[in-house]
Amino acid sequence: QVLLVESGGGLVQPGGSLRLSCAASGTFFRIFTMGWYRQAPGKQREFVASITRGGNTDYADSVKGRFSISRDIAENILYLEMISLKPEDTAVYYCNVIPPGLRGDEWGQGTRVTVSS
């Protein structure tokens, strides 16, 4: 069973920055597209960013120019660098393969990001 463990969340003021990490128990980063999702209170989980095995990235319109996805293939770690954070970025952030169905649509615990003054 492949596990994905998110970390790096916390409380940050508007305009601040955070770097989220996702550690994988497998070595599939060389093959699969990886992505970040988030779920805000009272809302459905939504796509945030993705990166293909070739390094192509894609972002939700709401985070373009502020978030950057990257990966360390050798260490099996996925990152999400977030700057200029806004209160509407408040959510639990999850990482997964894309499409998530490749892992049986399983999700980890995520890491909580709270943007508030």
Contact list, first residue from segment 67-95 and on the phi > 0 side of the Ramachandran plot, second anywhere and of a type in the set (D, E, K, R) and surrounded by fewer than 19 Cβ atoms within 10 Å (Cβ to Cβ), beta-carbon distance below 6 Å, six or more apart or interchain, is S84/R66
Restricting attention to segment 75-93, the residues that are closer than 16 Å to A23 by Cα and among the charged types (D, E, K, R) number exactly 2
Over segment 31-88, the set of residues of a type outside the set (A, V, I, L, M, F, W, C) and in contact with a helix residue (DSSP H, G or I) (Cβ under 9 Å, 6 or more places away or on another chain) is G35, Y37, R38, S62, R66
Within segment 1-54, residues open to solvent by 80 Å² or more (accessible area, probe 1.4 Å) and closer than 19 Å to Q109 by Cα come out as Q1, L3, V5, L11, R19, P41, G42, K43, Q44, R45
Residue hits (segment 89-117; open to solvent by less than 30 Å² (accessible area, probe 1.4 Å), assigned to a strand (DSSP E or B) and farther than 16 Å from S25 by Cβ) are A91, V92, Y93, T111, V113, V115
Of those in segment 48-72 that are part of a loop (DSSP other than H, G, I, E, B) and basic (K, R), the residue farthest from the chain's Cα centre (by Cα) is R53
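The values are calculated or read from the model by the stated rules, or taken from the named source; none is laboratory data. Keep in mind it's a predicted model, so treat the numbers as computed, not measured. A quick note on method: Cβ atoms are made from the backbone with ideal geometry, for glycine too, and the neighbour counts reach across all protein chains shown. Surface areas here come from the heavy atoms of the whole protein model, side chains and all, with no ligands, DNA or RNA. Shrake-Rupley method; radii C 1.70, N 1.55, O 1.52, S 1.80 Å.
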